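Heads up, the thing below is written out as structure tokens.
The values are calculated or read from the model by the stated rules, or taken from the named source; none is laboratory data. Worth saying up front: this structure is predicted, and the values here are computed from it rather than measured. Positions of Cβ are generated from backbone atoms using ideal geometry, with glycine treated the same way; all protein chains shown enter the neighbour counts. All accessible areas refer to the heavy atoms of the entire protein, side chains included, with ligands and DNA or RNA removed. Shrake-Rupley method; radii C 1.70, N 1.55, O 1.52, S 1.80 Å.
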Amino acid sequence: MAGSLQLTTTSTFTGQSAIDMTGIKQDIFNVHLVTFELTPNTDNALPSIRYIDTSDTVITATNYDEAFQELQSYSSFTEYRSTANGEIRIAENVGNATNESCIGAFYIFNAGSSSSFTFSTHQTSSIFTNGNLLGAKGIAVLKQTDEIKGFRVFDQNNAGGTFDGTISVFGVK
């Protein structure tokens, strides 16, 4: 059936600083949907991802480009663009006070191809460090041709910052 989802992997965790989501079945699915809910244990968290190749290497090279548009409930739109990053943001400056967290989804395209770039689109809602709502939409690309078997979620702002939460990966048929 066109447009159906198949769960490939899911993880629920507490106090994890690096969450590796592998086994996404990139050899079967060309498109993946990732859903997540993250609660940081350190304030001003910047949840981010790095892809993992088929040799289990986390790709840290500065070959990620990204662009985001944010709508802050207490301000106006802001735009963020960057090239030559070592990661991709999936949420913005999430607080760690009571009820502060982020929830979102992103699609990964071309993970199973070693002859084209891997792209992603992102959409998130979070409670900013000041307690206000922040929504973001973005796009990113890994500008190298590797087959991708998964990704690592980590806190880009806080070395050793940890998360509680759930991440699920679906293959899209």
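The conditions of being crowded, with 16+ Cβ neighbours inside 10 Å, farther than 23 Å from Pro40 by Cβ and of a type in the set (Lys, Arg) are not met by Lys143. So for the range 156-165 (the condition being in contact (Cβ under 8 Å) with a residue 40 or more places away in the chain and β-branched (Val, Ile, Thr)), does at least one residue qualify? Yes, the range 156-165 has at least one match.
Of all residues in the range 21-43, those being assigned to a strand (DSSP E or B) and either open to solvent by 70 Å² or more (accessible area, probe 1.4 Å) or touching a helix residue (DSSP H, G or I) at 6+ places or on another chain (Cβ under 9 Å) (or both) number 1. Scanning the range 35-73 for residues that are touching a residue at least 12 places away in the same chain (Cβ under 8 Å) and of a type in the set (Gly, Ala, Ser) returns Ala45, Ser48, Ala61, Ala67, Ser73. Every condition in (1) of a type outside the set (Asp, Glu); (2) within 19 Å of Thr8 (Cα to Cα); (3) part of a strand (DSSP E or B) holds for Gly138 except the one numbered (2). The strands (runs of 3 or more DSSP E) located wholly in the range 44-102 that include 3 or more residues which are surrounded by fewer than 21 Cβ atoms within 10 Å (Cβ to Cβ) and not acidic (Asp, Glu) occupy 64-72, 77-85.
Of the listed requirements (1) touching a Phe, Trp or Tyr at 6+ places or on another chain (Cβ under 7 Å); (2) over 24 Å from Asp53 (Cβ atoms); (3) surrounded by fewer than 21 Cβ atoms within 10 Å (Cβ to Cβ), Leu134 misses just one: (3).
Take the conditions (1) outside any loop (DSSP other than H, G, I, E, B); (2) farther than 20 Å from Lys25 by Cα; (3) of a type outside the set (Asp, Glu); (4) open to solvent by less than 40 Å² (accessible area, probe 1.4 Å); Ile127 misses just one of them, which is (4).
Inspect all residues belonging to the range 145-152 and state whether any of them is farther than 20 Å from Ala18 by Cα, touching a Gly at 6+ places or on another chain (Cβ under 7 Å) and hydroxyl-bearing (Ser, Thr, Tyr). Taking every residue of the range 145-152 in turn, none turns out to be farther than 20 Å from Ala18 by Cα, touching a Gly at 6+ places or on another chain (Cβ under 7 Å) and hydroxyl-bearing (Ser, Thr, Tyr).
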